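*Asks:* Shown below is the structure under consideration.
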Amino acid sequence: MWPSPCRTGTGSAGREGRRSSLGRRCGRGTAPRRSQWMCVRDAWFELWAEHGRPEAELRSRLVAMESTWQRLWTKANARWHLSRARASTELARLLRHLARDRK
């Protein structure tokens, strides 16, 4: 793992700090979105390219990161949908129970 360029160059810390907050500006939500990943990925690439990392090496790492992100996003998305379905089922059950108690 490379050391973070944010830790090695104090002169550009302000610019890098603004760029590191890019993920928050790219969109917020309860589930990770592809557009968020793309913004963070692009900022990561620019940051490391500015600090002299070879473009071919960065692109190779991005391919691996993309694969990992896709796998994790698929899992997170499935969990989110399952959790939502469970909450809906539980809410419907509670509403039926409440309606029955009011009769």
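Where a number appears in this text, it was derived from the coordinates with a stated rule and is not lab data. Fair warning: this is a prediction, and the values are worked out from it, not measured in the lab. Cβ sites come from the backbone with ideal geometry, for glycine too, and all protein chains shown count toward neighbours.
*Asks:* What order, most packed first, do the peptides 89-95, 49-55 have when packing is the mean number of other Cβ atoms within 10 Å of each residue? Kindly include the intermediate steps, with their values, before the conclusion.
*Replies:* On the way: 89-95: 10.0, 49-55: 12.0.
Ranked from most to least packed, the peptides come out as 49-55, 89-95.
*Asks:* For the pair residue 51 and residue 71, what calculated FRET efficiency results from E = 1/(1 + (r/R0)^6), where r is the Cβ-Cβ distance and R0 = 22 Å, to the nearest 0.05?
*Replies:* Details: r = 28 Å, r/R0 = 1.27.
After rounding, the FRET efficiency stands at 0.20.
*Asks:* Among 91, 68, 58, which residue has its Cα positioned farthest towards the positive end of the charge dipole of the stretch 49-103, with +1 placed on the Cβ of Lys and Arg, -1 on the Cβ of Asp and Glu, and the dipole taken about the Cα centre?
*Replies:* After comparing all options, I get 91.
*Asks:* Here's a follow-up. With each pseudo-label sitting 7 Å past Cα toward Cβ, what's the residue 89-residue 102 distance in nm, one decimal?
*Replies:* My value for the distance between the label points is 2.5 nm.
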